Amino acid sequence: MDTAIENVFPPREPKPKWLRVKLPTGKNYTELRGLVDKYKLNTICTSGSCPNMGECWGEGTATFMILGNICTRSCGFCGVKTGRPETVDWDEPEKVARSIKIMNIKHAVITSVDRDDLKDMGSIIWAETVKAIRRMNPNTTLETLIPDFQGNTRNIDRIIEVAPEVVSHNMETVKRLTREVRIQAKYEKSLEVLRYLKEQGIKRTKSGIMLGLGETEEEVIQVLHDLAEAKVDIVTIGQYLQPSKKHLPVKEYITPEQFAKYEQIGKELGFRHVESGALVRSSYHAEKHIH
């Protein structure tokens, strides 16, 4: 291999044993997998190869991504394609609602790419999707994992008006690394979004961060303090894993003991739920977070 390439992409450190994932099994998982394949349903559980897919599907929880699969932002950690998105599919809210009905989902997590190309940044489709799910699946509870909508309160208000049980917006990383990791996003703007959601009466707000990007323990604890100050209810903390060689490298694999320490600190700060572990992702144990 060329030395210059070796310098850009140093040899990958082998993954520690606590990152090994059991293959999903169980009757619920098998049935849902069959439905997803048969009807070509678009869940981020499958497209993102989530390590917790079997466990979540077993609990009747699934995550769906709306507004296409091309993002207008180019975050250094994310495996979603960047570029010019396709035109908005106005039938998408009904399609997602139908998927949830076919899969008999009890708790659905909805997320999306960033759509900075649209005047409303996708917020109208967001609201219509929640309404369609409510109409077709009145007993399904919802979490919306929203982008920052560039901090535009008119767009955020559309989410607030349809009142999902949980509204989530991820910080993703510590303040110092935000520019490198999230490029077009700002740390303070994300905190402002979370504060605004709470001020406007959202009962459960939620945020998540990834570790292993070069952050220090002190910086992680600072994020937790900032989220507590913003009255966030639920926090998820997981291990960053590099989606491809083009993405930011993993600087460190965080130990289970360190994740347990952050969980304890989070509980002491008063969060209602803290999910902290190597395989934790934004929607991990999402069905429990409505309580």
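The values are calculated or read from the model by the stated rules, or taken from the named source; none is laboratory data. These numbers were taken from a predicted model, which means no experiment stands behind them. All Cβ positions, even for glycine, are placed from backbone atoms using ideal geometry, and neighbour counts span all protein chains on display. The protein model used for the area step is the full one, side chains on, heavy atoms only, and it has no ligands, DNA or RNA in it. Shrake-Rupley method; radii C 1.70, N 1.55, O 1.52, S 1.80 Å.
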Rounded to the nearest 10 Å², the accessible area of residue 63 using a 1.4 Å probe with every protein chain kept is 10 Å²
Which percent of the accessible area of segment 165-226 is formed by carbon and sulfur heavy atoms (probe 1.4 angstrom)?
47 percent
Hey, got a sec? Which trypsin sites (Lys or Arg not before Pro) in segment 136-220 land in a DSSP loop and have at most 13 other Cβ atoms within 10 Å?
203
Calculate, axis by axis, the spread of Cα positions in segment 34-183 along the three principal axes, and write the results as whole Å, longest axis first.
41, 33, 28
Can you tell me, using C-alpha contacts under 8 Å and at least 6 residues apart, the relative contact order of the chain as a whole percent?
16 percent
For segment 255-271, just list the computed ³J(HN,Hα) in residue order, Karplus coefficients 6.51, -1.76 and 1.60, θ = phi - 60°, integers in Hz, with x standing in for Gly and Pro.
7, x, 5, 5, 4, 5, 5, 5, 4, 5, 4, x, 5, 5, 7, x, 5
Suppose R0 equals 25 Å. What FRET efficiency, 1/(1 + (r/R0)^6) with r the Cβ-Cβ distance, do residue 91 and residue 38 give to the nearest 0.05?
0.80
A student asked for the Cα radius of gyration and Dmax of segment 165-243 in angstrom ought to give 12.2, 36
Between residue 22 and residue 203, what is the label-to-label distance in nm when each label sits 7 Å out along the Cα-to-Cβ direction?
3.3 nm
Amide H to amide H under 5 Å from residue 283: which residues, 5+ apart in sequence or cross-chain, H placed 1.01 Å off N in plane?
none
Residue span residue 116 to residue 31: 0.36 nm per residue of separation minus Cα-Cα distance leaves a gain in nm of 26.9 nm
Students sometimes get this wrong: rank 161, 172, 217, 143 by accessible area, probe 1.4 Å, all chains present, largest first.
161, 217, 172, 143
In nanometres, what is the gap between the two model label sites at residue 157 and residue 84, each 7 Å from Cα along Cα-to-Cβ?
3.3 nm
Ordering 169, 273 by accessible area with a probe of 1.4 Å, largest first, what comes out?
273, 169
Mean shadow area (nm²) of the C-alpha convex hull around the chain is 15.5 nm²
Backbone HN-Hα couplings from phi across segment 189-195 [Karplus 6.51/-1.76/1.60, Hz, Gly and Pro as x]
5, 5, 4, 4, 4, 5, 4
5 angstrom amide H check on residue 109, placed H, neighbours 5+ away:
62, 63, 64, 143
Using 0.36 nm per residue, how much length does the chain from residue 69 to residue 180 gain when fully extended, once their Cα-Cα distance is taken away?
37.7 nm
Karplus-derived 3J(HN,Hα), 6.51/-1.76/1.60, for each residue of segment 156-165, Hz, glycine and proline x
5, 4, 5, 6, 4, 4, 8, 6, x, 4
Backbone N within segment 183-216 under 16 Å of label point (7 Å from residue 255 Cα along the Cβ vector):
212
Candidates per trypsin sites (Lys or Arg not before Pro) in segment 233-291, loop by DSSP, up to 16 other Cβ within 10 Å
245, 246, 251, 272
What figure in square angstrom, to the nearest 10, would you give for the accessible area of residue 274 with a 1.4 Å probe?
10 Å²
What full-extension length gain, to one decimal in nm, is calculated for residue 247 and residue 290 as 0.36 nm per residue of separation minus the Cα-Cα distance?
12.2 nm
